[in-house]
Amino acid sequence: MRELRARMERLAAAAALMDELATEWSTREYAGRADEGRITATVDAVGTLRAVDIHPLSMRRLDSRALAEAVLKAVRRAEAAAEAAKEEMLRGGLEAAGVPHVAGLLGDARRTFDERVSPEGADRL
């Protein structure tokens, strides 16, 4: 019975820590760059595009197709940075709470996290 109570306390602590981390993570923005850093895309924590900055040299140097590809590359890199930060935060939170991070548990935590950060987050998966 003591072990069960201890596990429940660890899970409660993990949930509280994940809530705290989710709140912190969800306020951040992530950037991705392309064309030697002259194109920058910024996304929020769930991958919503917030800004695209294109240096005038990129607009002169690249044709429309190459420019579009570079913008998409910057956006994808920003989205990947946001996803990597989420994965790191989830793993770190589970480790700090003393909960083993097996794949199934991490998957459950990821789904719960997405639901808490954004109600429509489950639709994006």
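Which peptide among 65-75, 49-59 comes first, and what is the full order, when sorted by highest mean count of other Cβ atoms within 10 Å?
Values: 65-75: 16.3, 49-59: 13.0.
The densest-packed peptide leads the list: 65-75, 49-59.
Distant-in-sequence amide contacts of Arg28, defined by a placed amide H-H separation under 5 Å and a gap of 5 or more residues or a different chain, comprise Ala45. Rounded to the nearest Hz, the phi-derived 3J(HN,Hα) couplings of region 56-61 under the Karplus curve 6.51 cos²θ - 1.76 cosθ + 1.60 (θ = phi - 60°) are x, 4, 5, 5, 7, 7, where x marks glycine and proline. Counting only protein heavy atoms and a 1.4 Å probe, region 1-51 has 66 square angstrom of accessible area per residue.
The values are calculated or read from the model by the stated rules, or taken from the named source; none is laboratory data. Predicted model only: the values in this text are computed from it and were never measured. Positions of Cβ are backbone-derived with ideal geometry, glycine not excepted, and every protein chain shown enters the neighbour counts. Ligands, DNA and RNA are excluded from the accessible area calculation, which covers all protein heavy atoms including side chains. Shrake-Rupley method; radii C 1.70, N 1.55, O 1.52, S 1.80 Å.
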